[in-house]
Amino acid sequence: MNLTSARILIAGGETLAGAALVAEAKRRRLAATTLSAAETANWANATAIEKAIGAARPDVVFVAAGESGGIGLNRAHPARLMESNLRVALNILGAAAHLRVPHLLYLASSCCYPRDAAQPLRIESLLTGPFEPTNAAYSAAKLAGLVHCEAIRQEHGLAYFAAIPSTLYGPEDHFDPDHAHVASGLMVRMHEAREKNIPSISVWGTGKPRRDFLFSRDLADACFFLAERYEAPSGPINIGPDADLSIAEVAETVKQVVGYEGSLEFDASKPDGAPLKRLDASPLRAMGWQPKTDFAAGLRETYAAFLKLKR
């Protein structure tokens, strides 16, 4: 599909991934409209969703919608996160299929993989074991969206598929402590600690778990790449970088970028989450896509956006 002449709808422009897609569409001068949680009662208003999609008449829908956050939010509000993401899976995908929108890319989550799946995580491991307990409700809802894409493609013959990104960070983040993932959450806390001359900060867990981190602009670039080339998908596909980092390494890199001179104290009484999550992105590499952004460089750009937001 040629996106230059396509009508694009981005559902969830208020999320980190959605905002990155909106920004990338603007950079490419593509014809894109957005649909937000605020317009749809957090995706509960199926009538409003179908009306908006019908009015936009999109050739392709990118679904980056649904509430998400780190371990703290998942432990405090598992039902809320599950409900938000199940509404997305049912109402947005269902409306798009009913209106015969020909193409849809749904952004799932690496949390969809079983906790103890072999690393790096391959598509074949989906549905082979239990989720990581700290975010099981959110994971189940995201997996429902992935399976719904498969079901729609099977029943209606529409080109719907899921892409599974690795852990995101980037300048489009809202830097909300309640919804922050690892990198941006540490950034906010270290900035405040530096400003207040706090001598140390506590970091959840042992620092040993490893994650692969994907810059938001690289995610958006990969999504548009896939929309143009993944015409007859046989299933979901991973989007990730070529390396993983320990949480301790991430924290130290954030510390350098922020210029925080205090100490980091890892609190082993708090949960680590899955010990390792690294996506196998070799199928995407075989198609010719590569990430462009070094982790430290992406963090510097993210911190610059945070400082601008704070002014």
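The values are calculated or read from the model by the stated rules, or taken from the named source; none is laboratory data. None of the values given here were measured: they were computed from a predicted structure. FYI the Cβ positions are ideal-geometry reconstructions off the backbone, even for glycines, and counts take in every protein chain you see.
Could you list, ordered by first residue, the pairs with Cβ atoms under 7 Å in which the first is in region 248-262 and in contact (Cβ under 8 Å) with a residue 24 or more places away in the chain and closer than 19 Å to Asn197 by Cβ and the second is hydroxyl-bearing (Ser, Thr, Tyr) and part of a helix (DSSP H, G or I), at least 6 apart or interchain?
Sorted first by the residue in region 248-262, then by its partner, the pairs are Val257/Tyr303; Val258/Tyr303.
Looking at (1) closer than 22 Å to Val182 by Cβ; (2) under 20 Å from the mean Cα position of the chain (by Cα), which is the one condition that is false for Glu195?
The one condition Glu195 does not meet is (2).
Go through the residues of region 75-87 one by one and say whether even a single one is farther than 30 Å from Gly207 by Cα and touching a strand residue (DSSP E or B) at 6+ places or on another chain (Cβ under 9 Å).
no
Yes/no per residue for (1) surrounded by fewer than 17 Cβ atoms within 10 Å (Cβ to Cβ); (2) under 30 Å from Arg211 (Cα atoms):
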{"site": "Thr15", "(1), (2)": "no, yes"}
{"site": "Ala32", "(1), (2)": "no, no"}
{"site": "Gly66", "(1), (2)": "no, yes"}
{"site": "Leu73", "(1), (2)": "no, yes"}
{"site": "Ala79", "(1), (2)": "yes, yes"}
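I'd like the full set of residues that are of a type outside the set (Asp, Glu) and in contact with a His (Cβ under 9 Å, 6 or more places away or on another chain), limited to region 55-95. Quick ask: steps written out before the conclusion?
Pass one, region 55-95, residues of a type outside the set (Asp, Glu): 55-58, 60-66, 68-82, 84-95.
Listed by number, the residues that qualify are Pro58, Val60, Val61, Ser68, Gly69, Gly70, Leu73, Ala89, Leu90, Leu93, Gly94.
Name the residues in region 41-53 that are surrounded by fewer than 23 Cβ atoms within 10 Å (Cβ to Cβ), part of a helix (DSSP H, G or I), in contact with a helix residue (DSSP H, G or I) (Cβ under 8 Å, 6 or more places away or on another chain) and not acidic (Asp, Glu), would you?
Ala46, Ala48, Ala52, Ile53
How about region 158-187: which of its residues are assigned to a helix (DSSP H, G or I) and either out of contact with any helix residue (DSSP H, G or I) (no Cβ under 8 Å at 6 or more places or on another chain) or free of Cβ contacts under 8 Å to residues at least 24 places away in the same chain (or both)?
Correct list: Gly185 only.
Of the numbered conditions (1) farther than 30 Å from Ile247 by Cβ; (2) under 19 Å from the mean Cα position of the chain (by Cα); (3) not aromatic (Phe, Trp, Tyr), Leu86 fails exactly one; give the number of that condition.
With respect to (1) farther than 30 Å from Ile247 by Cβ; (2) under 19 Å from the mean Cα position of the chain (by Cα); (3) not aromatic (Phe, Trp, Tyr), Leu86 is out only on (1).
Scan region 26-51 and report the pairs whose first residue is over 11 Å from Asn91 (Cα atoms) and whose second residue is basic (Lys, Arg) and loosely packed, with under 14 Cβ neighbours inside 10 Å, with Cβ atoms within less than 9 Å and a gap of 6+ or a chain change.
Ala32/Lys26
Of the residues that sit in region 103-157 and are assigned to a helix (DSSP H, G or I) and among the basic types (Lys, Arg), which one is farthest from Ser68 (Cα to Cα)?
This residue is Arg153.
Taking only region 201-236 into account, find how many residues are farther than 23 Å from Tyr169 by Cβ and either assigned to a strand (DSSP E or B) or not hydroxyl-bearing (Ser, Thr, Tyr) (or both).
Number satisfying all stated conditions: 6.
Determine whether Pro177 is touching a strand residue (DSSP E or B) at 6+ places or on another chain (Cβ under 8 Å), surrounded by fewer than 20 Cβ atoms within 10 Å (Cβ to Cβ), on the phi < 0 side of the Ramachandran plot and modelled with pLDDT under 95.
Values: touching a strand residue (DSSP E or B) at 6+ places or on another chain (Cβ under 8 Å): no; surrounded by fewer than 20 Cβ atoms within 10 Å (Cβ to Cβ): yes; on the phi < 0 side of the Ramachandran plot: yes; modelled with pLDDT under 95: yes.
No.
How many residues are in contact (Cβ under 8 Å) with a residue 60 or more places away in the chain, surrounded by fewer than 20 Cβ atoms within 10 Å (Cβ to Cβ) and under 11 Å from Pro236 (Cα atoms) if we restrict to region 94-153?
So the count comes out to 3.
Tally the residues that are closer than 25 Å to Ala118 by Cα and either in a loop (DSSP other than H, G, I, E, B) or touching a helix residue (DSSP H, G or I) at 6+ places or on another chain (Cβ under 9 Å) (or both), restricting the search to region 262-287.
Total satisfying the criteria: 15.
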